[in-house]
Amino acid sequence: MTSRVRCILLDNNNVLLGLNRGGEYMLPGGKIKKKEHPVDALLREVKEETGITDFTKLNYLWEKEDNKVFLFVPSVRASAPTVKNDPDKEFTRLEWFPLDDIPKNLNPYAAKILAVFAKGLTKTEAVTEVWVDGKKVYEIPDDEIWETSPGLVQKRVNEGKEVVYREVLPDGTVVDKTPHAMPESFEVGASGNGERAIQMKKVYDLIDELLTRYIPEEKKRPSAEILKGVRYLGKTTFKMLGDEAKTHILVNHKIVEDDNLLRQCLAHEIIHHHLYQKYRNEVADHGELFEKFAGIINEKEGENFITEFANHTKFRTNG
């Protein structure tokens, strides 16, 4: 898996380069932290190394030299770039250079990336565009968007904004990939009971059982929803409504009939639910707190019950 992100930060055909401590010019970027989404890694690195946070375009270009390379166009509102807030002191200074007049003392990796960029923005794989309230926010390789939800988008979801996912194939074909809730009811059998209602009862019964067994101090139950068209197995979203914390668990419809996998999924998500309820927005990365509860559950359910769930890729398909 690609471990780094790199940014071609462009403004009026000028590219921003940083002079590193070795006397070479380099593109902003750096390592992707464990469990960090590539977009969040890019925004973090750009903020640390240049101080720029506002942008009008953030497009994925391609992978080169073990870097996911993005085109980043800063907003006109963006402040002047600065190196003073970089905790790693990666660059001694930042400079804008015309694309056709790049300095000779360019880092070899940066040189290769810019050489590919100069040949044109051709993509060899599908990408997923993320639109918020009718405006494209960014795009990412199609297989990356579904692994975790970037903070950039999750913040907008929590604010109640409309988020749309559009897959763009190499030939330009656009496919809607926005997760859609399952219909409220599918009539089954002569009884007329809705399949949807039966499935939701199963989900809520499992949530109640798991909370009672493993996190009895958590008295609040999250809301839940079964979705089609997602590649994750489960996800927990959080937002504040006044003084009340709201957590909502999303479940892939493909795992609802698989009792063991559904149990794994919900056990994983109730930990997030509990930590959000207890710590609110202070918990960006649950880290050790999550591992504590995962350990309690693993003791009862079996070794690596929670960890194995995180690595399960069987159901990450388009359906």
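The values are calculated or read from the model by the stated rules, or taken from the named source; none is laboratory data. Note that the coordinates shown come from a computational prediction; the quantities given were computed from them, not determined experimentally. Note that we place each Cβ from the backbone using ideal geometry, even for glycine, and neighbour counts take in every protein chain shown.
Here is the figure for the stretch 227-286: residues that are among the small types (G, A, S) and at pLDDT 85 or above total 2. Here L71, L58, L17, L43 are screened, and the one residue that is modelled with pLDDT of 85 or more, over 21 Å from W131 (Cα atoms) and touching a helix residue (DSSP H, G or I) at 6+ places or on another chain (Cβ under 9 Å) is L17.
One line per residue, one yes/no per condition, for (1) in contact with a helix residue (DSSP H, G or I) (Cβ under 6 Å, 6 or more places away or on another chain); (2) more than 22 Å from R156 (Cβ to Cβ):
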| site | (1), (2) |
| --- | --- |
| A197 | no, yes |
| M200 | no, yes |
| E225 | no, no |
| T236 | yes, no |
| L241 | no, no |
| K246 | no, no |
| I249 | yes, no |
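All told, R213 meets the bar of being basic (K, R) and more than 26 Å from the chain's Cα centre (by Cα). Looking across the stretch 116-131, not a single residue is modelled with pLDDT under 85, among the charged types (D, E, K, R) and buried (at least 17 other Cβ atoms within 10 Å of the Cβ). Within the stretch 275-290, can one find any residue that is in contact with a His (Cβ under 7 Å, 6 or more places away or on another chain), in a helix (DSSP H, G or I) and surrounded by 21 or more Cβ atoms within 10 Å (Cβ to Cβ)? Yes, the stretch 275-290 contains a residue that is in contact with a His (Cβ under 7 Å, 6 or more places away or on another chain), in a helix (DSSP H, G or I) and surrounded by 21 or more Cβ atoms within 10 Å (Cβ to Cβ).
Table: residues versus (1) modelled with pLDDT of 75 or more; (2) surrounded by 11 or more Cβ atoms within 10 Å (Cβ to Cβ); (3) over 28 Å from the mean Cα position of the chain (by Cα).
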| residue | (1), (2), (3) |
| --- | --- |
| V157 | no, yes, no |
| G160 | no, no, no |
| E167 | yes, yes, no |
| F186 | no, yes, yes |
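Please indicate, with yes or no, whether at least one residue in the stretch 16-35 is closer than 14 Å to P81 by Cα and among the polar types (S, T, N, Q). No - not one qualifying residue is present in the stretch 16-35. Of the set (1) surrounded by 13 or more Cβ atoms within 10 Å (Cβ to Cβ); (2) out of contact with any strand residue (DSSP E or B) (no Cβ under 6 Å at 6 or more places or on another chain); (3) closer than 21 Å to N298 by Cβ, all apply to G234 but (2).
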